[in-house]
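Heads up, the thing below is written out as structure tokens.
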Amino acid sequence: MTVLTTAARWLFVLCLPPLLLTASIGGAVNWLGLYTYGFEKYDVGQPTGLADTELEKAARGLIGYFNSDEENISLSVEKDGKPFVLFNQREVAHLRDVKGLIRLDYLVLLGTLIYTMGYASFSLCRKNRRQLWWGMIWGNILTLVLMAALRLITLYNFDWFFRQFHLLSFTNELWQLDPARDYLIMLFPGGFWYDATQVCALAAGTMAVVLSGVAWGLSRRKVLS
């Protein structure tokens, strides 16, 4: 029983980093403000020839697609006063692969959330509050270490990180797009992905700090009471 209890506690600790990271990624995917911020910062209206209203329409269309049951995206905007299909077949196929990764993110988020909530509920019912608080602290410390490492790697050589991520995540080369003709890369240049990575790491780290602070406060309260 002690072995199972120890294994369950460490699994709880190990679940916290992917829980917080997948939560931050899922939030970024669905945060319209991140898209519009990137469009404005990198002035994507110039290479795409799209007005701000059409860029926002494209962002909303992507968010809707990622959360829909549609296999392929079909997104039309207005360009030069005429309807324009935004993505070609190569981009559509790549977005289908991206959607698969987002679904995987949601599944990991759901699985780790179910386990951590179940472990927390069980610990509270068994009155193992002290072990729960310390498990939260260690899990969040691990999260902070990993997010700090992610930020350092991306600060040092984001291009290498971006390429390795794609090589590991995709089994094809559809992600290698042409910025001269493919609107997906015009909308989301490398700088956007650098910013998005920093946002996700910062969000996960912030949640870790808050949760560890709460756990520390509750553990001290228990000790002093």
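Annotations for the structure displayed:
- So TRP175, is it surrounded by 12 or more Cβ atoms within 10 Å (Cβ to Cβ) and either of a type in the set (Phe, Trp, Tyr) or closer than 30 Å to ARG130 by Cβ (or both): yes
- Filter result (part of a helix (DSSP H, G or I) and closer than 15 Å to LEU55 by Cα) within region 7-43: LEU32, GLY33, LEU34, TYR35, THR36, TYR37, GLY38, PHE39, GLU40, LYS41
- Cβ separations smaller than 6 Å between residues 6+ apart or across chains give the following pairs from region 1-12 residues that are among the basic types (Lys, Arg) to residues that are part of a helix (DSSP H, G or I) and at pLDDT 85 or above: ARG9/GLY135.
- Matching residues, region 76-88, being part of a loop (DSSP other than H, G, I, E, B) and at pLDDT below 95: ASP80, GLY81
- In region 105-124, the residue that is modelled with the lowest pLDDT out of those that are closer than 14 Å to GLY135 by Cα and exposed (fewer than 14 other Cβ atoms within 10 Å of the Cβ) is LEU124.
- Comparison of ARG181, ARG129 shows that the only residue that is of a type in the set (D, E, K, R) and surrounded by 13 or more Cβ atoms within 10 Å (Cβ to Cβ) is ARG129.
- Cβ-Cβ contacts under 6 Å between residues 6 or more apart (or on different chains), taken from a first residue in region 181-209 that is touching a residue at least 12 places away in the same chain (Cβ under 8 Å) and polar (S, T, N, Q) to a second residue that is surrounded by fewer than 21 Cβ atoms within 10 Å (Cβ to Cβ) and in a helix (DSSP H, G or I), are listed as THR197/THR154.
- Enumeration of residues in region 46-85 that are buried (at least 16 other Cβ atoms within 10 Å of the Cβ), farther than 21 Å from GLY27 by Cβ and touching a residue at least 40 places away in the same chain (Cβ under 8 Å): THR48
- Of the residues making up region 203-211, not a single one is loosely packed, with under 13 Cβ neighbours inside 10 Å, of a type outside the set (A, V, I, L, M, F, W, C) and closer than 29 Å to LEU11 by Cβ.
- The sole residue among TYR194, TYR156 that is in contact with a Ser or Thr (Cβ under 7 Å, 6 or more places away or on another chain), surrounded by fewer than 18 Cβ atoms within 10 Å (Cβ to Cβ) and in a helix (DSSP H, G or I) is TYR194.
- If you go through region 170-184 and keep only what is of a type in the set (A, V, I, L, M) and in contact with a Phe, Trp or Tyr (Cβ under 8 Å, 6 or more places away or on another chain), you end up with just LEU184.
The values are calculated or read from the model by the stated rules, or taken from the named source; none is laboratory data. Just so it is clear, the model here is predicted, and its values are computed rather than measured. Positions of Cβ are backbone-derived with ideal geometry, glycine not excepted, and every protein chain shown enters the neighbour counts.
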